[in-house]
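Presented below is the structure to which this report refers.
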Amino acid sequence: MTKPIKTNRSISNLIKSLKNHVDLLKEYHERACLYNDVRFLGEIAGKLRILVCETRTNKPLLMKLMDDLECKIPIRIDQPKPLGGPIVLSLREYLNRLACSVRTESGRWVELSKTNLIALWAQQYGASHEDWEVNEELVAALDPSFRVGNLPAAAHGICIICKTVIVVASEFIKRQDELA
C-alpha cells in the first residue's frame, strides 16, 4: 500500500513534471557529456538538484515520488572481484557515496559526496547562481590537470551521476506508466 503524498498537486501532475525535467536532463547530458559542451554542466547540476538533492529547502522530486509511491529501483555497480564484485544500492545510497577527493588551495583534503558535488555545482554554476564567490572545494575539484577524456574529472563525475539518475528516473516513469 502506498502512502498518500501530502500536496495540492496530483500524482499525475507531479509525474508529468518529472518527465519534463528528465527530458531536459537527457538533452543537457547529451550536449555536455557526449559533445563536451561544458556550458550545459551547470544546467545538469540544476536539474539534478531539483530531482535528487535533499536540502533544508528542497524536497527532490524524483526522490520524494519514489519514497511516497514506495518504488525502489536498485542501482548495480560492478566492481572488480578483489573488491567484492558487484554491489546493489538504492539511489539515496548511491548519491551519498564519494564523488571526488581533492586538496584545496589552502592544503585541506576535502571529500565530496555525489550529492555535495551536485549541490555545489548547482549553487556555483547552475541555473540558480546563488553565490558570487566560487567555493574553494569546487575550484579544486575542477582542476584542469585532472581530466577524464575531454572533461575535468569532476565534470566527468557529474556526467556519470547524470546518466545514472536518467536511468533510474526513466525506469520509475516506465513503472508508473504501466500502473496507469
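Taking first residues from region 166-180 that are among the polar types (S, T, N, Q) and partners that are part of a helix (DSSP H, G or I) and surrounded by 13 or more Cβ atoms within 10 Å (Cβ to Cβ), the Cβ contacts under 6 Å between residues at least 6 apart in sequence or on separate chains come to Gln176/Ile15.
On the given criteria, is Arg39 loosely packed, with under 11 Cβ neighbours inside 10 Å and part of a loop (DSSP other than H, G, I, E, B)?
no
The set of residues in region 94-114 being free of Cβ contacts under 8 Å to residues at least 24 places away in the same chain, farther than 23 Å from Ala169 by Cα and touching a Ser or Thr at 6+ places or on another chain (Cβ under 9 Å) consists of Trp109, Glu111. Residues that are at pLDDT 65 or above and of a type in the set (Asp, Glu) were ranked within region 98-146; the one that is farthest from the chain's Cα centre (by Cα) is Glu105. Selection of first residues in region 28-51 that are over 13 Å from Leu120 (Cα atoms) and of second residues that are polar (S, T, N, Q) and surrounded by fewer than 21 Cβ atoms within 10 Å (Cβ to Cβ), restricted to Cβ pairs under 7 Å at least 6 apart or on distinct chains, gives the following pairs, ordered by first then second residue: Asn36/Asn150.
Output the residues belonging to region 16-35 that are modelled with pLDDT of 95 or more, out of contact with any Lys or Arg (no Cβ under 9 Å at 6 or more places or on another chain) and either open to solvent by less than 60 Å² (accessible area, probe 1.4 Å) or among the hydrophobic types (A, V, I, L, M, F, W, C) (or both). Once the filter is applied, which keeps residues that are modelled with pLDDT of 95 or more, out of contact with any Lys or Arg (no Cβ under 9 Å at 6 or more places or on another chain) and either open to solvent by less than 60 Å² (accessible area, probe 1.4 Å) or among the hydrophobic types (A, V, I, L, M, F, W, C) (or both), region 16-35 yields only Leu18. When residues in region 54-99 are screened for being in a loop (DSSP other than H, G, I, E, B) and not aliphatic (A, V, I, L, M), 19 of them pass.
The values are calculated or read from the model by the stated rules, or taken from the named source; none is laboratory data. Keep in mind the model is a prediction, meaning the values are calculated, not measured. Backbone-built Cβ (ideal geometry, glycine too); neighbour counts: all protein chains shown. These area figures cover heavy atoms from the full protein model, side chains too; ligands, DNA and RNA do not enter into them. Shrake-Rupley method; radii C 1.70, N 1.55, O 1.52, S 1.80 Å.
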